[in-house]
Amino acid sequence: MTLAPPRQRVSAGRPLIETLPLRNPESDSPPFMGRRAWWLVAINFLVPGSAQILAGNRRLGRFGLGATLLGWVLVLLAAGLALFWRSAMITLAGNWFVLTLVQVLLIAYVVLWVVLTIDTIRLLQVVRLPPVSRFAAPIAALLVLSLAAWG
């Protein structure tokens, strides 16, 4: 039994106060849409796939987050091998098959990150952004992607 009164609903079946503002934004408020756009660009750079989890296609976001977490685990595993079992790391680093596999995984991750960034730009809803953010946010997303992937 709860003591709280039932939630008031708007005529369209949505709650009076939106609980998921990134997923269902108040699109008639350009300042809010601008802040939302910058947050989506930032989280797409920090953790690729998280923008899709929060505001877009959750299936694509789960795939992106899984690939990101797998990459972090592989980097930590390689760092652990380099610190604690140097001979095994040198053997693996000198193996052409392992090096080819690492190259293929890195290229696939860059392609996935490009797809996630393009989807993030779609999620920004550029036509509803304030005039400055309308041009700056997509350019910043592409610039950050290019600096991270090819820098």
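Observations, loosely collected:
- Solvent accessible area, Å² - TRP85, 1.4 Å probe, full protein context: 150 Å²
- Set the Cα radius of gyration of the stretch 93-151 against 2.2 N^0.38 Å, with N its number of residues, and you get 1.54.
The values are calculated or read from the model by the stated rules, or taken from the named source; none is laboratory data. From a predicted model like this one, the values you see are computed outputs, not experimental measurements. Note: accessible area is taken over every heavy atom of the protein model, side chains too, but ligands, DNA and RNA are not part of it. Shrake-Rupley method; radii C 1.70, N 1.55, O 1.52, S 1.80 Å.
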